[in-house]
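See below for the structure under consideration.
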Amino acid sequence: MLVETVNLTTLDLPAPVPARPSLNALINAPRNVTAAVPAAVPAATPAATGVARINGVALNTAQDTLAPEDLRQRAYSELLRQAALRDGLLAADDPPPVGGVLSEAASQAIDAWLERALQLPEPSDEACLRHHAAHPARYRTGEQVQVRHVLFAVTPGMDVVALRNRAEACLLDVRCHDGSASDGFGRAARELSNCPSGESGGDLGWLKPEDCAPEFARELFGHVEVGVLPRLVHSRFGLHVVEVLAREGGVPQPFEAVRGAVAMALRQQAWVTALRQCLQLLAGEARVEGVDLDAADTPLVQ
């Protein structure tokens, strides 16, 4: 089952999670920022080579077939590596990444650079109280949902646009059959799903937040929807068409019982916003070729 193998970091679940989501998770998240959104740097891929570059450093070879999010991942990592080089945190002879893999020294230097660059205040008690009051459904215990899904898995070299088109066509089809006796969802799962659960019509059984991928938890818990969700659910494994068969509500937790989790959620949100803005500023200062990045030429308000 998918839920047995997924272990991703989310930004807004109350369960304890790392304070700093991975760069990959951040880059592949929806690309919106709470501050002013700058214009994107237009792609300028050299037609003869198809090689993307950051300040002249190649991110791929002409033979590489990379999904846009993978290319952005490499671009943002290289921006941070070069920032660490510029500020003396990384040796000048550190080799550029091969196949998108940073050296151990570069990874450590990036961590040190971010530690210095992203100085954020601790969330106040007032901010924590407001967040808790505004999101009571996020801080419940015992909530369960009965779920089934159809997984359209992303694999290396996959045509992501074609995959999305197939997933959206499936979503439209099963929504048309939602609640009907013909069980179009079960048939779609058996015929199309890349998850072993497809053999049983996509059934994942009863799930709690800690049982499944954070992307799933974010979409499933703290809501009231029952039936086929009207949107695709994204995860690192691909695109999911999801049906909620039943819900059992949890028990709201008082603020004092979840104070630490609330502070963690706000800390993560602030860090992610600051990192996004930092990456935009680095992209605005760099010579970017062959990859679309959000960029800004002036610092943004935190």
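Just so you know, all these numbers are worked out from the coordinates, no wet-lab data involved. Computed from a prediction, not measured in an experiment: that's the story for all the values here. Reconstructed Cβ throughout: ideal geometry from the backbone, glycine too, with neighbour counts over all protein chains shown.
Report relative contact order for segment 140-252 in percent, whole number only (criteria: Cα-Cα under 8 Å, sequence separation at least 6).
On the way: 202 pairs, mean separation 51.1, N = 113.
That works out to 45 percent.
Sort L275, L118 so the one with the fewest other Cβ atoms within 10 Å of its own Cβ comes first. Present the calculation step by step, with values, prior to reporting the outcome.
On the way: L275 20, L118 17.
Fewest to most other Cβ atoms nearby, the residues stand as L118, L275.
What do you get for trypsin sites (Lys or Arg not before Pro) in segment 194-255 restricted to DSSP loop and a cutoff of at most 16 other Cβ within 10 Å of the site's Cβ?
Listed in order of number, the matching sites are R231, R236.
Cut-off is 10 Å between beta-carbons; in what order do V288, V224, V241 appear when sorted fewest neighbours first?
V224, V288, V241
For labels at L120 and T65 in the simple 7 Å Cα→Cβ model, what's the distance in nm?
Modelled inter-label distance: 3.8 nm.
May I ask you to derive the FRET efficiency for A137 and M158 from their Cβ-Cβ distance with R0 = 45 Å, giving the value to the nearest 0.05?
0.85
Counting other beta carbons within 10 Å of each residue's own, what order do I110, I54 fall into, fewest first?
Exposure proxy ranking, most exposed first: I110, I54.
Nearest 20 debye, what's the magnitude of the dipole of segment 140-252 about its Cα centre given +1 on Lys and Arg Cβ and -1 on Asp and Glu Cβ?
180
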